[in-house]
Each structure stands twice: as C-alpha cells, then as structure tokens.
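Novice: Dropping the structure in here first, questions after.
Throughout, read-outs are computed from the coordinates displayed, never taken from laboratory work. All figures in this text were calculated on a predicted structure; none of them were measured in a lab. Virtual Cβ from ideal backbone geometry, glycine too; neighbours counted across all protein chains shown.
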Amino acid sequence: MARMSMIEAIRNAHEVAMEADENVVVMGEDVGYFGGVFRCTAGLQKRFGVERCFDTPISELGIVGTAIGMAAYGLKPVVEIQFADYMYPAYDQLVSEAARLRYRSAGEFTCPMVVRMPTGGGIFGAQTHSQSPEALFTHVAGLKTVVPSTPADAKGLLLAAINDPDPVIFLEPKRLYNGPFDGHFDRPSRSWSKDEMGEVEPGNYIVPLGQAKTVRDGSAATLVTYGTMVHVALAAVEESGADIEVIDLRTLLPLDLDTVAASVNRTGRCIVLHEATLTSGYGAELAALIQSECFYALEAPILRVAGWDTPYPHAQEWDYFPGPERVKRAIATVLEG
C-alpha cells in the first residue's frame with residue numbers, strides 16, 4: 001500500500017490507465033508540460049508523449065467537443081477542466097452531444113470520455129473558482145456523476161470512469177486535494193492518517209460506479225453526503241456524541257439508493273448534507289427519493305444542510321460552508337423530531 005494525497009492518487013490513476021490502454025489520452029489547458037493547475041497530470045506528457053497528453057486552446061467548448069469526436073471514433077479521452085466553474089461554455093456539448101450520443105445513434109456510437117473538474121471551495125477562490133455544480137449534471141440523462149472523498153476512492157473511481165463506455169463527470173473536491181481536515185474549514189489541512197483510507201493500492205483496481213459506502217455505523221439517524229462534506233459529517237457526529245450512521249455516496253448518478261434506503265429504514269431519521277446551494281441542490285432529489293422509499297419508517301422530517309443561496313463569497317468563505325456547527329444543530333433537531 002502506498003500513502004498518497006488525492007492529487008497523487010488521481011495522477012497514478014492516469015498512469016495506470018494510460019499504461020494499460022493506448023487509447024487513453026489526456027487533454028486540457030496546461031495539462032501537458034505544466035502538469036495541470038493542481039499538478040494532477042504532472043509527468044504524464046514526459047512519460048507518454050505529446051500525442052497522448054497534450055495542451056489545448058483556452059476553449060472549454062472546443063475541448064469537450066473535440067473529446068466527444070475522439071470518443072466516438074475509439075479513443076478514451078480524459079479531459080481536465082481547470083475549475084468546475086469554467087464548464088459552462090461546454091455545457092451544451094455535454095448535454096446535447098456527449099450525453100445523447102448512444103441514444104441518438106441507436107447504440108451505434110458510445111462516448112467513453114471522462115471530464116475531470118476541481119469542485120467546491122476551501123481555497124479562497126471566491127465566486128468563479130469555488131462552485132459546486134453537481135446538480136446540473138445529475139439532471140441530464142446519459143451522464144454519470146462521481147465525487148470521491150478519499151485518495152483510494154479517487155483512484156478506483158477514476159479508473160472505473162475511464163473504463164466506462166459512457167461519459168462520466170468526475171468532480172474532485174479541491175479542499176481534499178492535499179489532505180483531509182478536521183471538518184472545520186478555518187483550520188489547515190493535515191496529513192492523511194491510516195484510519196482515513198489515505199493508503200492507496202498499487203496497480204489497476206476499480207471502485208465500481210454506483211456503490212455508496214457506509215463510513216460510520218449508527219442507529220439513531222442516517223447522514224447522507226459526499227465529497228468534502230464526508231469529513232465535515234464525521235467531525236460533526238463525533239463532536240455531537242450522537243449515534244449517527246454516515247453514508248458516502250461516492251457516485252451521485254447512478255445513485256445507490258438501496259444502501260441509503262436500507263439505512264434510513266433502520267434508523268428512521270435522515271439528514272442530507274452538501275456544499276452546493278440549498279435551492280434545487282442535489283439534496284432536494286435525495287430527500288424526495290428517501291421520502292418515497294422510506295415514508296413509513298420515517299419518524300421525523302428529512303433535513304437538508306447546504307450552502308447559502310448566494311454567489312460564493314470570498315471574505316465570508318468559512319461562514320458559507322455548512323460546517324460542523326450547522327450539522328450538529330441539524331442532528332439535534334432531527335433527533336428531537
């Protein structure tokens with residue numbers, strides 16, 4: 001087992017995939033010589049050459065459109081968008097072309113591409129470098145959406161995404177790139193400890209898409225979350241002293257509703273936590289699905305804890321994050337219900 005940061009695990013996944021399959025190519029702004037804005041592709045161009053890891057013009061629409069054509073004709077492009085906030089010019093290509101290629105061609109063509117994007121806050125990136133747009137992708141039939149919370153999952157999920165025959169949106173929480181934290185955003189990141197799954201298996205392994213993971217057992221309530229918020233949830237539960245089960249979704253679409261429903265049916269109470277804005281966020285879909293599947297078991301309303309319905313702030317970043325204090329208040333409320 002190797003100790004890796006999430007950046008190193010993502011880079012290693014690229015190396016493993018490119019070594020195993022010559023059709024895997026990496027493309028995006030500054031991913032080649034420079035190694036990516038967060039260094040996730042560092043060294044790939046030197047190792048595999050400029051034809052398999054190359055820089056593109058500053059045009060997200062052009063990058064994704066080109067990758068769709070490459071995927072349709074047999075390559076497996078892995079695209080890096082420097083920040084998830086920059087994907088909007090390419091959104092039409094993702095929705096109208098990538099997501100529909102299999103359907104509109106009656107299965108004659110598929111689109112085996114991965115679009116990697118750093119997501120969320122935690123680095124004082126403010127409104128144009130800190131957004132969490134996952135709900136925009138989960139709304140689109142034909143796209144799969146993945147958000148890892150540990151280095152081991154990041155590697156295994158990325159390898160699974162690269163091997164998938166359809167387009168996968170791979171959202172990488174920036175706050176977790178260099179290590180986890182204690183759930184309080186105004187404190188510095190720290191090194192991964194052994195019990196935080198910072199150890200990563202060598203070689204080629206996958207974490208199947210569509211399988212959630214129970215990261216903490218409990219019986220009083222279920223807390224459902226993903227990405228950066230997994231660590232916030234664990235901190236809040238520990239500080240609250242409550243017997244809360246925490247589920248890391250890992251894949252938002254396809255969703256492992258069976259794991260979530262089994263937990264909520266057993267605990268009878270549920271909190272949904274995410275960093276994105278509350279209104280029309282992914283938590284609304286989760287709450288509706290859980291209500292549908294677990295109605296007769298619920299002993300209290302499902303609560304959502306999320307970011308504020310505002311543009312992402314800069315100076316007030318720590319207040320914008322749904323941190324442990326807000327989660328602990330939700331825990332107290334749902335247990336009283």
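Novice: Starting with the fewest neighbours, write out SER240, SER59, SER149 ranked by other beta-carbon atoms found within 10 Å of each beta-carbon.
Specialist: SER59, SER240, SER149
Novice: Below 10 angstrom from the Cβ of LYS144, what's the summed charge of the other residues (Lys, Arg +1; Asp, Glu -1)?
Specialist: Neighbourhood net charge equals -2.
Novice: While we're on this one: Based on the mean of other Cβ atoms within 10 Å per residue, sort peptides 76-82, 37-43 so the most packed one is first. Mind showing how you got there, number by number?
Specialist: On the way: 76-82: 24.1, 37-43: 18.9.
Final packing ranking: 76-82, 37-43.
Novice: Sticking with this structure for a sec: Return the whole-Å distance between the Cα centroid of the stretch 94-117 and the Cα centroid of the stretch 121-148.
Specialist: 19 Å
Novice: Multiplying the sequence separation of GLU22 and SER105 by 0.36 nm and subtracting their Cα-Cα distance, what value in nm do you get?
Specialist: Full-extension gain reported as 27.3 nm.
Novice: If you average 1/r across every pair of different Cα atoms in the chain and take the reciprocal, what Kirkwood value do you get, in Å?
Specialist: Working: mean 1/r = 0.0498 Å⁻¹.
Every distinct Cα pair counted, the radius reaches 20.1 Å.
Novice: Please order CYS53, CYS294 by the number of other Cβ within 10 Å, starting at the fewest.
Specialist: CYS294, CYS53
Novice: Of the listed peptides 219-229, 22-32, what is their order by residue-averaged count of other C-beta atoms within 10 Å, with the highest listed first?
Specialist: The densest-packed peptide leads the list: 219-229, 22-32.
Novice: With 10 angstrom as the radius, rank ARG116, ARG326 by how many other C-beta atoms surround their C-beta, starting from the fewest.
Specialist: The most exposed by this proxy come first: ARG326, ARG116.
Novice: Within straight cross-link reach of LYS213, meaning Cα distance under 17 Å, which lysines are found once same-chain residues fewer than 8 apart are removed?
Specialist: Here the lysines satisfying the reach criterion relative to LYS213 are LYS155.
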